[in-house]
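To start, the structure under review is shown below, and the notes come after it.
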Amino acid sequence: MDTKVLLPTDENIEYAAKLLNGGEVIGMPTETVYGLASNAFDESAVEKIFIAKGRPQDNPLIVHINSLEMLKNLVVEVPDVAYKLAEKFWPGPLTMIFQKSDNVPLAVTAGLSTIAVRFPSNKVANALITKAGIPLAAPSANTSGRPSPTSANHVYNDLNGKIPAILDGGTCEYGLESTVILLKDDENITLLRPGSVTIEMLESAVPYVTVDKGVLHEIKQNEQVLSPGMKHTHYSPTAKVIIIDSNFERFKDFIDRHDYKNIGAMVFEGEEKELDVPCVTYGGEDDELLQAKLLFSSLRAIDDMGVSTIYARMPKKDGIGLAIYNRLIRAAGFEVIEL
Ligand code: AMP
Ligand code: MG
């Protein structure tokens, strides 16, 4: 199969919608990362997503909608707190977990009785959902374990030959996957995965936001988790990534005194000029929005640098920084050196 990369013209969106209604899987842009989409009601189409990505069978998918009517078909009930959060953050990069209705095949939720749903803001994604007339199950469109794709080219590099088409909507606006939350009651929610809707933003709508331990800490293979995706290997380039928790002065000193050849550095904009090893940058030290946007393409770029180990500067842990840290620490297999 030859994978077509298509500009999102009306004609191509209509073609992509036809593929989806015919049980195919396609790459689509969203404001977070590119998604690998299929009809959420079509079990065999959903199974194709797992095959194309090599995704572990126990890792559930997020379903993408563009109306509250569509949401009601997927879930048993919509709690008040969800309406409140939807009002504030939808369309946008927030995923909420609901009790699943029987309409949805278990393949979507990896056997769970709950379902993750999001209303994306990306225009192409919305046009596609409208044209197809169905909710779209869509995880990130990377090969499992690789950094998530933030351009059509990333999707093509991972999945060429495995899917019929990718809609090319340019570079993703945010560049990190959505914030995922569990709803408890009107006053309490639990953060399962940090994203561009930050804790601070969530707290403006719901008073108590608990951060699940999997957000910051490594989960052991046999540990019970609220979000199955937390325990899988993620975002890794071929080189080993190690995070250095220090200021730039000590980071530079560590790199300069390093005995081995074959190392590289992942640093903030401008710092590369002061280092003698191959570098990849991911935004300015104080520009978290840009760091988020560049993180995955920088992790992918490491593969072309021909180095065996990359030492990465530590992002901040608040605001969007928490989401960046959550991804980078997984790319690093939780290896951090404090200097
Ligand atoms: P991805 O689509 O690659 O962004 O991954 C989807 C994320 O949402 C994974 O981390 C899943 O574990 C999480 N997720 C999806 N459905 C559920 C659910 N029903 N309960 C908890 N987490 C979920
Ligand atoms: Mg993913």
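Counting helices only, and only those DSSP H runs with n ≥ 4, report the 222 nm mean residue ellipticity of the chain as the sum of -39,500 (n - 2.57) divided by its residues, in deg cm²/dmol to the nearest 500. Kindly include the intermediate steps, with their values, before the conclusion.
Numbers: 11 runs with 102 residues, N = 339.
That comes out to -8500 deg cm²/dmol.
Rounded to the nearest 5, what is the percent of antiparallel bridges among the DSSP beta bridges in the chain? Intermediate results must be reported in sequence, preceding the final value.
Working: 19 of 50 bridges.
Among the beta bridges of the chain, antiparallel pairing accounts for roughly 40 percent.
Regarding segment 222-332, what is the average projected area of its C-alpha convex hull, in nm²? Walk me through the numbers before you get to the answer.
Values: hull surface 30.4 nm².
Result: 7.6 nm².
Per q in 0.12, 0.16 Å⁻¹, report the Debye log10 I(q)/I(0) for the chain, using one uniform scatterer on each alpha carbon and no solvent.
Computed log10 I(q)/I(0) values: -0.82, -1.38.
Which distance in Å, rounded to a whole number, links the C-alpha centroids of segment 79-129 and segment 16-60?
First find each Cα centre; the distance between them is then 15 Å.
Please build a GNM for the chain, connecting alpha carbons under 10 Å apart, and tell me which residue among Phe248, Phe296, Phe41 fluctuates the most.
Judging by the Gaussian network model, the answer is Phe248.
Non-local amide H neighbours of Arg193 (under 5 Å, H modeled in plane, Pro and chain starts lacking H): which ones?
Distant-sequence amide H within range of Arg193: Val180.
Taking a threshold of 21 Å on the Cα-Cα distance, which of the pairs Lys53/Lys213; Lys88/Lys131; Lys123/Lys184; Lys252/Lys293; Lys213/Lys316; Lys252/Lys273 fall above it?
Values: Lys53/Lys213 27 Å; Lys88/Lys131 25 Å; Lys123/Lys184 31 Å; Lys252/Lys293 25 Å; Lys213/Lys316 18 Å; Lys252/Lys273 11 Å.
Flagged as over cut-off: Lys53/Lys213; Lys88/Lys131; Lys123/Lys184; Lys252/Lys293.
Describe numerically, in nm with one decimal, the distance between label points set 7 Å from Cα along Cα→Cβ at His258 and at Tyr83.
5.5 nm
Residue farthest toward the positive end of the dipole of the chain, with Cβ of Lys/Arg at +1 and Asp/Glu at -1: which of Asn157, Tyr34, Leu183?
Positive-end residue among those listed: Asn157.
Among the trypsin sites (Lys or Arg not before Pro) in segment 170-240, which ones are in a DSSP loop with at most 14 other Cβ atoms within 10 Å of the Cβ? Mind listing them?
Working: sites: Lys184, Lys213, Lys220, Lys231, Lys240; in loops: Lys220.
Listed in order of number, the matching sites are Lys220.
Just so you know, all these numbers are worked out from the coordinates, no wet-lab data involved. Computed from a prediction, not measured in an experiment: that's the story for all the values here. Backbone-built Cβ (ideal geometry, glycine too); neighbour counts: all protein chains shown.
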